Structure formats: C-alpha cells, structure tokens
1. Give a quick list of GluC sites (Glu not before Pro) in the range 335-401 that DSSP marks as loop, anything other than H, G, I, E or B, with at most 14 other Cβ atoms within 10 Å.
2. Pick from ASP158, ASP288, ASP235: which is most flexible by mean-square fluctuation in a GNM of the chain where alpha carbon atoms under 10 Å apart are linked?
3. Run the numbers on the chain and let me know its relative contact order in percent, using alpha-carbon pairs under 8 Å that are six or more apart.
4. Using a Förster distance of 25 Å, how high is the FRET efficiency between ASN413 and ASP250, based on the Cβ-Cβ distance and rounded to 0.05?
5. What is the calculated FRET efficiency for VAL424 to GLU272, with r their C-beta to C-beta distance and R₀ = 56 Å, to the nearest 0.05?
6. Could you tell me which residue out of LEU91, GLY340, PHE312 lies farthest along the dipole of the chain toward its positive end? Charges go on the beta carbon: Lys and Arg +1, Asp and Glu -1, centred on the Cα centre.
7. Nearest 20 debye, what's the magnitude of the dipole of the chain about its Cα centre given +1 on Lys and Arg Cβ and -1 on Asp and Glu Cβ?
8. Within the range 270-299, list the chymotrypsin sites (Phe, Trp or Tyr not before Pro) lying in a DSSP loop whose Cβ has at most 14 other Cβ atoms in a 10 Å radius.
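Here, each number is a calculation from the coordinates, and none is a lab measurement. No experiment lies behind these values; they were computed from the predicted model shown. All Cβ positions, even for glycine, are placed from backbone atoms using ideal geometry, and neighbour counts span all protein chains on display.
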Amino acid sequence: MEEQKIAIRLSGVKKRYKLGQIGGGTLTADLQSWWARVRGKEDPNTLIGTDQRLVGQTFMALNGIDLTVYKGEALGIIGGNGAGKSTMLKLLCRVTAPTEGEIDIYGRVASMLEVGTGFNGEMTGRENVYMNGAILGMTKAEIDAKMEDIIEFSEVRDFIDTPVKRYSSGMFVKLAFSVAAHLDSEIMIMDEVLAVGDVAFQHKCLDKMRSVAKTEGRTVLYVSHNMNTIRRLCDRCIVLDKGRILFEGDVEKAIEIYLSNAHEQWSNCQTEFDLTEAPGRSPYTPGDAQITYVKLLDKASAMYGSGEKLRFEMRILTKRAFSDLRLRLELRYGDETPVGTMPDVSLGSCQENGERSYTVEFDPIQLTNGKYRLDMVLFEKDDCGNSYDQELLLPAFFFEVQQPEELVWNQTNWGHIRFPDAVVTPLGVEE
C-alpha cells in the first residue's frame, strides 16, 4: 500500500489572545476596560464568557491541537461558535502565528476565510486574479492560461474589468472561489463563505472541491455549519470544542457528536426558554426588536408526535416604535438541513421601549422522528417591500418528534416530512 503524503501537520498548537488591553473600538471603551481592571471588576467590553479557556487576562482560542492532514484528502472542520475553527484556518493561512507549537505545510495555500479576503477593492476583478496568482508564485503566462476558466466558472464575465469594490457579496464569493479553485495551489482552505452565494453556485463549488481533491490530488479543508455539505464533500472530519479536538475520524460519527454537543443545552424536558442572552442571537442585526422569552404551551416536555401542532407563547421587547413588526419561523432538522418556513406574519404595531406577548400556533405537518430547531426572525418592510431584519435567533429552541414507526426512516435520503400514503384506486378489472 502506497504511503500517504502529508500535506499539513500541526503539533501542540496553541493560540493565546490577550483580553481587555486595547481594541475596545473607541477611546471610551478602552478607558472603561482599563478602569475595570484597576478596580478588579469584570471588563464591560469583554464578550467572552468565563470558562477554562479564560486564564487571567488571556483567552486560549486553541489549546493544544495535534492534527495530520494528507494530500488529496477533504477534511471537514465543525464545531460551535467560538470553538476555534476560524482561528485554526487563520494559522494555516499565516494570517497570524501560533503562540506555541509547530505548523508544517507542504504546498502552496489558496484560501477563502471571509468575503473579500485577498482582494483590493480599487483593482478590477481581472487585476485581482493576477495579484493572487503572483502571490502564489505563478508567472503571468501561467495565469493567462487559467484566466478563461476562472472567468467562466465565476459567472462574473460582464464585470471582470470592473473594480471589485462595486461587487455584491455574492459576486465577491464567486470570483474569489474561482480564483482559489483554478490557480496552482496544493491546498485549498475554505471557511463558510459559500453561504453568501446562491444555491446553484454552492452546489457548483462543492462539486469543484470534490473534483480537485479526487482527480487533482489537492488537499481541501472545509469549515461549515451545514452538515449536508460536510457529508457531501468530506472524507474525514474533526469536531472542535473550546479550542481542542473533541473527535477525529468518520464523518457521520463526527456529525453525531457535534449535534449531541450542540443540543446539550436544550434538554428534552425543557419547555421554557429565557432568550435574553441567547447564544444563537445574531450580532449582525440592530436588535431594536428582540425575542426575550418563549414557553411551549400545553406541554410537559418538548416532545411531539408527528403532525402535532406546536403552540407557544413569545415575549418581544421593542427599543423603538414599529408600525408593522413581522415574524418569520424557519424550521430545520438537527443537522441544520432546511425543512420549511412560515414566511410572513404581522405582529402589528409596537411602542418604543415596549414589551408585548403573543401566542403562536405553528403546524409543522407530518415530520419524521428526530430533533428539530426552530429559528425565529423579526423584521420590518419599507414602502417598497424591502425587508430589514431586526432579530435573528438561530436557533430559538429545539424540539423533538417521536412516535412509533414500523418503517426505519432515512432522513438523509428521504427527507424529513412523511407524506400520507398515496390512495390508489383501480380503474377497472379485466374479465
């Protein structure tokens, strides 16, 4: 058996960050942090909770990582927010250096860590392709030979000679991925920026990454919260938790461990959810309207039979007045596969610094057995019909569907909705 060639090796890698020293964003915030330290108080500008990773004034983003990745392998990296995924990728891309340990990389690295990384906004798309190729050590002739393939794959041909500062986030992603996939690099490192692109392009990118790993022998590292894309692309998977590798090995086993860990905070018997400090709240929304509390009605536990309606009470706090605040409910399976949505329900007008409660009834039809997450979105629309999100709770809470089934259901292949049996009526019988 041919010995596998190593593409990446991490040995005892640690990354330590200092907290509360500088970087509050303003002089006022930095002075607040300094005054809190002088008095021995908690820093009001520190967002990270206290756990074993917080040591004095330092935070261990990675705390002893040992990992070997082989040439031609597609490795998935999963874990909750703050687990250390992005920090690991930044170390591999040499954006930052490890505090301790060694990182050996055998080959050139092309990466996408966030939208617009490695692009100069004043330069055109074509010029940015040449710049990225030059960084990888390619000659102009080598880049010229790849240019047409890059433009064709990116689907931005009409704008390739336009400064990229005028690109939408989706166009950025398309061109950046195309550059990373087609230029000569032995290692591709992808953070979950593909979520910005449209669905058809996401499938196209996954197919391309699978192809470069299997047919071209390139190494792919892929971070995602979408478990179906991890299943589709990766040969092996690691689960990160609090800066350490919790599991390394089979993809399905890794997903099982990750989901079990992610759902641990929501026990099956829990029917009330204080969402004042919800971990799933998006930091990218204004938060002028927030969901602060949810209680499941008429239930002793968050367990439902297939077809049973979901009824709950929700409490909303509004920091400013809304003429028509609206609610959207999005249902996902435990592995984050989309199941369905209730797109648009009016909650009416809301006052400034007001608090209102509502009863919501949601019929998730014939769900199959398993754990589900309910995401909740508060938004408003302007006079032109454009939507503006105020609150994203991803998730608001989990619930479980459980009933006896004669048929063992395969959600991966058959989906998460069990339709009623078809009714077949014979039209006639031959004599």
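1. The qualifying sites are GLU352.
2. The residue with the greatest mean-square fluctuation here is ASP158.
3. Answer for the chain is 13 percent.
4. My answer for the efficiency is 0.85.
5. It comes to 0.75.
6. Projecting each Cα onto the dipole axis, the largest value belongs to LEU91.
7. Taking the Cα centre of the chain as origin, the dipole is about 1560 debye.
8. In loop regions of the range 270-299 (DSSP not H, G, I, E or B), the sparsely surrounded chymotrypsin sites (Phe, Trp or Tyr not before Pro) are TYR284.
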